[in-house]
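Below is one structure, written out as structure tokens; comments come after it.
The values are calculated or read from the model by the stated rules, or taken from the named source; none is laboratory data. Fair warning: this is a prediction, and the values are worked out from it, not measured in the lab. Positions of Cβ are generated from backbone atoms using ideal geometry, with glycine treated the same way; all protein chains shown enter the neighbour counts.
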Amino acid sequence: MPYIRFASKRVRYILTLLSLICLLGGCSWQPWGREAAGVTATPQSELSTPLPRPTAGTASSSRPTPLPVPASATATDVRPTPTFEPIEPTPTLASVDAEARRQIFERTWTIVRDRYVYEDFRGVDWEAVRTEFTPLIIAATTPERFYELMRGMIARLDDEHSRFESPQQVAAQQAEFRGRLRYGGIGALIRTIEEGGLVLNLAPDGPAERAGVQLRDVILAIDGIPFTDRTAFGPDGPIGAVRGEPGTPVRLTVRTANNPPRELTLLREAIASEAFNRVRGRLLPRDRDIGLIEIPSFYVEELDARVREKVEELRASGELRGLIIDVRGNSGGYVHLMRNTIALFHDGGSIGSTSGRNQREEQIIPRGQQIAALDGLPIAVLIDADTVSAGEMFAAGMQVLGRAVIVGVPSAGNTENLYSYDFDDGSRLLIAEVAYRLPDGTLIEERGVIPDRIVESEWWRFDPDDDPQLRAALEELAQAMVVTPGQ
């Protein structure tokens, strides 16, 4: 199934093996059966967020990770990138004999040749790639080297979506999807800005929250080293200084608004990855009849059921006359979960199609799942340049169905769908096979979803209730309420 996700950059080798990518979500698993010795094809239709592209011999990180920002991040980075620190041991890479390596390599190369969405392989001479990598695969003496080479080969496509994952990466992704992945840190989601690290989210009752760290605080220094001093932190940057073993201390210099900086010493703890990937809902304090639902990704088990639960909680807490759905920074996920979520707000219909060299599928919204009380309720959807994959398809779908007004800035334009091919050694290939098109045939890859109302703003710098894009969405809902009184 379609699945999309984003990834952190330059994370240590072992972390890259264990990290999950965005969380991209968008996969519905439909077994295709055995295609060759050692490989099972399962179309994921995964919409994937951009991943850093490794070269042969380097490790690729495949998922966003909660906590500090990696060293390669700059003040212009638009996506917060927390880092997962696995607590429990993950599977040790087993040896892969020469014949198994050859079969996995040959099957992977052939799948790309026959099914990759771009027939010109984005200008890559795919036959030459086979010639180059064949002797390297044969000569690989360790499983680590073999998987590095496989990642490097797929990275040659440079499409920021397709990737090859080792058994450890696959196991970590499965743990994240089920909410079982943990990392050692302080429980904060941070975005790099010019001044330091801006706190965007806090894990409930985590070390940072208990120590008094607040949303929109800026971390100025870690253990006395300025957050912005990339060189001093080494290859892992600030992230390497904040994460670590549970129970160990870290000293932060933190500033709240225009107040003087303060020193805080926190003890790291095991933080559940789902702390930053859960659906949140609340009534806005100044507009008690307007609800806000935040969906960080569609890479969450039973995501649609969780959204339904939050909507029902809002309805139970008071009159609901409008709803804002925030998918800014949404890192994508399973396409079937995205469709099921739209079905909560609109009964049936097509939101376009996904098509490639060998297939085309109409993206149909299920019937009979709509929350009856929301029929006709004005809805606004917030998007930004970090809204990717399944998150973009959600916004586009709500827009083309006429179910919501879209507010913010154009989305990322990363809507290629990945399909998964699982091998007997536990590794897998995720390859872009189809791309999403609107009902009129418009391809939104590299274009993104265009908002009905564009509001340019570094929204993350504002108090959540003073967010300019949120206020614009409220204005749109107010107009809709005038047009449709009594809703």
Filtered residues of the range 181-239 (kept if β-branched (Val, Ile, Thr) and either at pLDDT below 90 or out of contact with any strand residue (DSSP E or B) (no Cβ under 9 Å at 6 or more places or on another chain) (or both)): Ile190, Thr192, Ile193, Ile225, Thr231, Ile239
I'd like to know if the range 216-230 contains one or more residues that are surrounded by fewer than 17 Cβ atoms within 10 Å (Cβ to Cβ), closer than 21 Å to Asp467 by Cβ and in contact (Cβ under 8 Å) with a residue 24 or more places away in the chain. yes
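Are any of the residues in the range 460-470 part of a strand (DSSP E or B) and surrounded by fewer than 23 Cβ atoms within 10 Å (Cβ to Cβ)?
No, there is no match, as no residue in the range 460-470 is part of a strand (DSSP E or B) and surrounded by fewer than 23 Cβ atoms within 10 Å (Cβ to Cβ).
Within the bounds of the range 424-445, is there any residue that is of a type in the set (S, T, N, Q) and either in contact with a Cys (Cβ under 7 Å, 6 or more places away or on another chain) or surrounded by fewer than 19 Cβ atoms within 10 Å (Cβ to Cβ) (or both)?
Quick first cut of the range 424-445, residues of a type in the set (S, T, N, Q) only: 427, 442.
If we keep only those that are either in contact with a Cys (Cβ under 7 Å, 6 or more places away or on another chain) or surrounded by fewer than 19 Cβ atoms within 10 Å (Cβ to Cβ) (or both) as well, we get 442.
Checking the range 424-445: at least one residue is of a type in the set (S, T, N, Q) and either in contact with a Cys (Cβ under 7 Å, 6 or more places away or on another chain) or surrounded by fewer than 19 Cβ atoms within 10 Å (Cβ to Cβ) (or both).
Each row is one residue, and each column tells you yes or no for (1) within 28 Å of Ser331 (Cα to Cα); (2) buried (at least 19 other Cβ atoms within 10 Å of the Cβ); (3) touching a strand residue (DSSP E or B) at 6+ places or on another chain (Cβ under 9 Å).
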residue: Gly123; (1), (2), (3): yes, no, no
residue: Glu127; (1), (2), (3): no, no, no
residue: Thr142; (1), (2), (3): no, no, no
residue: Arg145; (1), (2), (3): no, no, no
residue: Ala155; (1), (2), (3): yes, yes, yes
residue: Phe164; (1), (2), (3): yes, yes, yes
So, in the range 299-335, how many residues would count as being touching a residue at least 60 places away in the same chain (Cβ under 8 Å), surrounded by fewer than 23 Cβ atoms within 10 Å (Cβ to Cβ) and over 21 Å from Leu377 (Cα atoms)? 1
How about the range 437-479: which of its residues are in contact (Cβ under 8 Å) with a residue 12 or more places away in the chain and of a type in the set (Lys, Arg)? Arg437, Arg447, Arg453, Arg461
Assess whether Ala372 counts as being under 16 Å from Val449 (Cβ atoms), in the same structural domain as Glu301 (by TED's automatic domain parsing) and surrounded by fewer than 21 Cβ atoms within 10 Å (Cβ to Cβ). no
Which one of Gly397, Gly402 is at negative phi and either touching a helix residue (DSSP H, G or I) at 6+ places or on another chain (Cβ under 9 Å) or not in a helix (DSSP H, G or I) (or both)? Gly397
Pairs, please: C-beta under 9 Å, at least 6 apart or cross-chain, first residue over 12 Å from Arg357 (Cβ atoms) and in the range 104-117, second surrounded by fewer than 19 Cβ atoms within 10 Å (Cβ to Cβ) and basic (Lys, Arg)? Phe105/Arg130; Glu106/Arg130; Trp109/Arg130
Within the range 254-277, which residues are surrounded by fewer than 17 Cβ atoms within 10 Å (Cβ to Cβ), in a loop (DSSP other than H, G, I, E, B) and not small (Gly, Ala, Ser)? Thr256, Asn258, Asn259, Pro260, Pro261
Where the second residue is surrounded by fewer than 17 Cβ atoms within 10 Å (Cβ to Cβ) and among the charged types (D, E, K, R) and the first is free of Cβ contacts under 8 Å to residues at least 60 places away in the same chain and lies in the range 282-295, which pairs have Cβ atoms under 7 Å and are six or more apart or on separate chains? Asp289/Glu319; Glu294/Arg280
